[in-house]
Amino acid sequence: MTPLIATLIEEAGRVAGLEAAFVGAIVQVESEGYPYAGNPEPRYRYLWDVRRNRPFRALTPEEIASEFPPDDWYDLRGWHGRDADAEWWWQQASIGLMQVMGAVAREEGFTAVSLLELCDPAANLTVGCRHLRRLVLWADGNLEMAAAAYNAGRGGWDSAAGQAYAQKVLRAIAQMRLTGLPRGGDR
(Lines give C-alpha, C1' and ligand atoms only; values in the text may rest on other atoms or scores of the structure.)
Protein backbone atom coordinates (compact mmCIF):
# COMPACT_ATOMS: atom_id res chain seq x y z
CA MET A 1 0.00 0.00 0.00
CA THR A 2 1.14 3.55 -0.59
CA PRO A 3 2.07 5.99 2.19
CA LEU A 4 -1.12 7.95 1.43
CA ILE A 5 -3.31 4.86 1.83
CA ALA A 6 -1.52 3.93 5.06
CA THR A 7 -2.22 7.44 6.38
CA LEU A 8 -5.89 7.20 5.33
CA ILE A 9 -6.17 3.81 7.08
CA GLU A 10 -4.77 5.29 10.29
CA GLU A 11 -7.19 8.23 10.13
CA ALA A 12 -10.27 6.15 9.28
CA GLY A 13 -9.40 3.68 12.03
CA ARG A 14 -8.97 6.49 14.56
CA VAL A 15 -12.33 8.05 13.63
CA ALA A 16 -14.08 4.67 13.90
CA GLY A 17 -12.31 3.71 17.10
CA LEU A 18 -10.46 0.82 15.45
CA GLU A 19 -6.82 -0.14 15.68
CA ALA A 20 -4.98 0.82 12.48
CA ALA A 21 -3.38 -2.64 12.36
CA PHE A 22 -6.85 -4.24 12.26
CA VAL A 23 -8.06 -1.96 9.46
CA GLY A 24 -4.76 -2.37 7.61
CA ALA A 25 -5.00 -6.15 7.93
CA ILE A 26 -8.48 -6.16 6.37
CA VAL A 27 -7.21 -3.95 3.53
CA GLN A 28 -4.16 -6.19 3.03
CA VAL A 29 -6.21 -9.40 2.92
CA GLU A 30 -9.03 -7.94 0.82
CA SER A 31 -7.24 -5.86 -1.81
CA GLU A 32 -3.51 -5.71 -1.03
CA GLY A 33 -4.02 -1.95 -0.88
CA TYR A 34 -5.38 -1.58 -4.42
CA PRO A 35 -8.23 0.98 -4.36
CA TYR A 36 -9.78 -0.18 -7.65
CA ALA A 37 -10.18 -3.81 -6.60
CA GLY A 38 -13.59 -5.25 -7.37
CA ASN A 39 -15.17 -8.66 -7.35
CA PRO A 40 -18.63 -9.61 -8.61
CA GLU A 41 -20.36 -11.99 -6.22
CA PRO A 42 -23.54 -13.08 -8.02
CA ARG A 43 -24.51 -15.55 -5.28
CA TYR A 44 -24.58 -12.73 -2.73
CA ARG A 45 -28.26 -12.21 -2.02
CA TYR A 46 -28.34 -9.59 0.73
CA LEU A 47 -29.58 -6.51 -1.12
CA TRP A 48 -30.54 -3.08 0.20
CA ASP A 49 -33.76 -1.33 -0.79
CA VAL A 50 -32.62 2.28 -1.30
CA ARG A 51 -36.19 3.47 -1.71
CA ARG A 52 -37.40 2.17 1.65
CA ASN A 53 -34.02 2.19 3.45
CA ARG A 54 -34.25 -1.42 4.59
CA PRO A 55 -33.21 -4.87 3.35
CA PHE A 56 -34.75 -5.71 -0.01
CA ARG A 57 -37.39 -8.41 -0.03
CA ALA A 58 -36.56 -12.07 -0.69
CA LEU A 59 -36.00 -12.79 -4.38
CA THR A 60 -37.98 -15.37 -6.30
CA PRO A 61 -36.09 -18.17 -8.09
CA GLU A 62 -36.97 -16.50 -11.40
CA GLU A 63 -35.48 -13.19 -10.22
CA ILE A 64 -32.32 -14.94 -9.06
CA ALA A 65 -31.92 -16.55 -12.48
CA SER A 66 -32.67 -13.33 -14.39
CA GLU A 67 -30.07 -11.03 -15.89
CA PHE A 68 -32.19 -8.04 -14.90
CA PRO A 69 -33.42 -6.61 -11.61
CA PRO A 70 -37.10 -6.94 -10.69
CA ASP A 71 -39.49 -4.15 -11.63
CA ASP A 72 -39.73 -2.99 -8.00
CA TRP A 73 -35.94 -2.45 -7.77
CA TYR A 74 -34.85 1.21 -7.61
CA ASP A 75 -31.59 3.13 -7.62
CA LEU A 76 -30.90 6.43 -5.86
CA ARG A 77 -32.00 8.43 -8.89
CA GLY A 78 -35.45 6.86 -8.62
CA TRP A 79 -34.96 4.72 -11.72
CA HIS A 80 -36.39 1.23 -11.47
CA GLY A 81 -36.26 -2.19 -13.08
CA ARG A 82 -33.87 -2.51 -15.99
CA ASP A 83 -32.95 1.16 -15.76
CA ALA A 84 -31.49 0.49 -12.29
CA ASP A 85 -29.36 -2.48 -13.30
CA ALA A 86 -26.04 -0.85 -12.33
CA GLU A 87 -27.27 -0.50 -8.75
CA TRP A 88 -28.49 -4.11 -8.88
CA TRP A 89 -25.17 -5.57 -10.01
CA TRP A 90 -22.90 -3.34 -7.92
CA GLN A 91 -24.81 -4.15 -4.75
CA GLN A 92 -23.74 -7.75 -5.45
CA ALA A 93 -20.05 -6.87 -5.76
CA SER A 94 -17.23 -6.08 -3.37
CA ILE A 95 -15.50 -2.81 -4.15
CA GLY A 96 -12.33 -0.96 -3.22
CA LEU A 97 -9.67 -1.21 -0.53
CA MET A 98 -11.83 -2.99 2.03
CA GLN A 99 -13.88 -4.83 -0.62
CA VAL A 100 -17.09 -3.39 0.80
CA MET A 101 -20.18 -5.05 -0.62
CA GLY A 102 -22.36 -2.52 -2.43
CA ALA A 103 -25.45 -3.53 -0.44
CA VAL A 104 -23.55 -3.12 2.83
CA ALA A 105 -22.39 0.32 1.73
CA ARG A 106 -26.00 1.33 1.11
CA GLU A 107 -27.03 -0.07 4.49
CA GLU A 108 -24.21 1.95 6.09
CA GLY A 109 -25.60 5.14 4.51
CA PHE A 110 -23.39 5.50 1.43
CA THR A 111 -25.42 7.83 -0.79
CA ALA A 112 -23.22 8.42 -3.83
CA VAL A 113 -25.28 7.78 -6.96
CA SER A 114 -22.73 5.27 -8.23
CA LEU A 115 -21.39 2.55 -5.97
CA LEU A 116 -18.18 2.76 -8.00
CA GLU A 117 -17.38 5.84 -5.93
CA LEU A 118 -16.33 3.29 -3.31
CA CYS A 119 -13.08 3.12 -5.29
CA ASP A 120 -12.19 6.42 -3.63
CA PRO A 121 -9.90 5.30 -0.77
CA ALA A 122 -11.26 7.77 1.80
CA ALA A 123 -14.90 6.92 1.02
CA ASN A 124 -14.20 3.18 1.05
CA LEU A 125 -12.35 3.33 4.35
CA THR A 126 -15.06 5.44 5.96
CA VAL A 127 -17.81 3.01 4.99
CA GLY A 128 -15.73 -0.11 5.60
CA CYS A 129 -14.59 1.06 9.03
CA ARG A 130 -18.15 2.00 10.00
CA HIS A 131 -19.25 -1.53 9.12
CA LEU A 132 -16.23 -3.13 10.79
CA ARG A 133 -16.86 -1.10 13.97
CA ARG A 134 -20.43 -2.40 14.12
CA LEU A 135 -19.10 -5.94 13.81
CA VAL A 136 -16.54 -5.39 16.59
CA LEU A 137 -19.32 -4.11 18.86
CA TRP A 138 -21.53 -7.07 17.89
CA ALA A 139 -18.64 -9.44 18.68
CA ASP A 140 -17.98 -7.79 22.07
CA GLY A 141 -14.51 -6.73 20.96
CA ASN A 142 -13.49 -10.17 19.70
CA LEU A 143 -11.42 -9.30 16.60
CA GLU A 144 -11.37 -12.88 15.33
CA MET A 145 -15.16 -13.11 15.42
CA ALA A 146 -15.55 -9.61 13.88
CA ALA A 147 -13.09 -10.43 11.07
CA ALA A 148 -14.85 -13.72 10.33
CA ALA A 149 -18.21 -11.92 10.20
CA TYR A 150 -16.72 -9.25 7.92
CA ASN A 151 -16.06 -11.99 5.39
CA ALA A 152 -18.86 -14.49 5.96
CA GLY A 153 -21.58 -12.39 7.61
CA ARG A 154 -22.81 -12.50 11.18
CA GLY A 155 -24.55 -15.79 10.50
CA GLY A 156 -21.46 -17.35 8.93
CA TRP A 157 -18.70 -16.11 11.22
CA ASP A 158 -18.10 -19.60 12.61
CA SER A 159 -18.05 -21.29 9.18
CA ALA A 160 -14.85 -22.81 7.83
CA ALA A 161 -14.54 -19.95 5.31
CA GLY A 162 -15.12 -17.31 7.97
CA GLN A 163 -12.58 -18.88 10.31
CA ALA A 164 -9.94 -19.28 7.57
CA TYR A 165 -10.39 -15.63 6.65
CA ALA A 166 -10.13 -14.55 10.29
CA GLN A 167 -6.84 -16.42 10.66
CA LYS A 168 -5.37 -14.56 7.66
CA VAL A 169 -6.47 -11.26 9.20
CA LEU A 170 -5.06 -12.15 12.62
CA ARG A 171 -1.68 -13.04 11.06
CA ALA A 172 -1.66 -9.72 9.19
CA ILE A 173 -2.56 -7.83 12.39
CA ALA A 174 0.32 -9.48 14.24
CA GLN A 175 2.73 -8.53 11.44
CA MET A 176 1.50 -4.93 11.34
CA ARG A 177 1.76 -4.60 15.10
CA LEU A 178 5.43 -5.57 14.77
CA THR A 179 6.39 -3.57 11.70
CA GLY A 180 3.63 -0.95 11.26
CA LEU A 181 1.48 -0.50 8.19
CA PRO A 182 3.32 -1.19 4.93
CA ARG A 183 4.19 2.12 3.28
CA GLY A 184 5.75 0.99 0.03
CA GLY A 185 4.35 -0.25 -3.25
CA ASP A 186 2.98 1.50 -6.27
CA ARG A 187 -0.75 1.06 -5.70
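Per-structure values
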| read-out | value |
| --- | --- |
| Accessible surface of the chain, 1.4 Å probe, proportion on carbon and sulfur as whole % | 52 percent |
| Sites matching GluC sites (Glu not before Pro) across segment 15-72 that sit in DSSP coil, with at most 14 neighbouring C-beta atoms within 10 Å | Glu32, Glu67 |
| Stretch gain in nm, segment Glu32-Thr2, where the contour uses 0.36 nm per residue and the Cα spacing is subtracted | 9.8 nm |
| Simple spin-label estimate for Arg14 and Ser159 in nanometres, 7 Å along Cα-Cβ | 3.7 nm |
| Relative packing of peptides 5-13, 50-58 - highest average C-beta neighbours within 10 Å first | 5-13, 50-58 |
| Value in Å of the Kirkwood radius, where segment 90-187 supplies the Cα pairs that are averaged | 14.2 Å |
| Cα→Cβ-extended label distance, 7 Å offset, between Ala58 and Leu170, nm | 3.5 nm |
| Accessible surface, segment 1-92, averaged per residue in Å² (probe 1.4 Å) | 57 Å² |
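The values are calculated or read from the model by the stated rules, or taken from the named source; none is laboratory data. Predicted model, so just to flag it, every value in this text is computed and none were measured. So basically every Cβ, Gly included, is an ideal-geometry build from the backbone, and we count neighbours across all protein chains shown. Side chains are part of the model used for accessible areas, which takes the heavy atoms of the whole protein and leaves out ligands, DNA and RNA. Shrake-Rupley method; radii C 1.70, N 1.55, O 1.52, S 1.80 Å.
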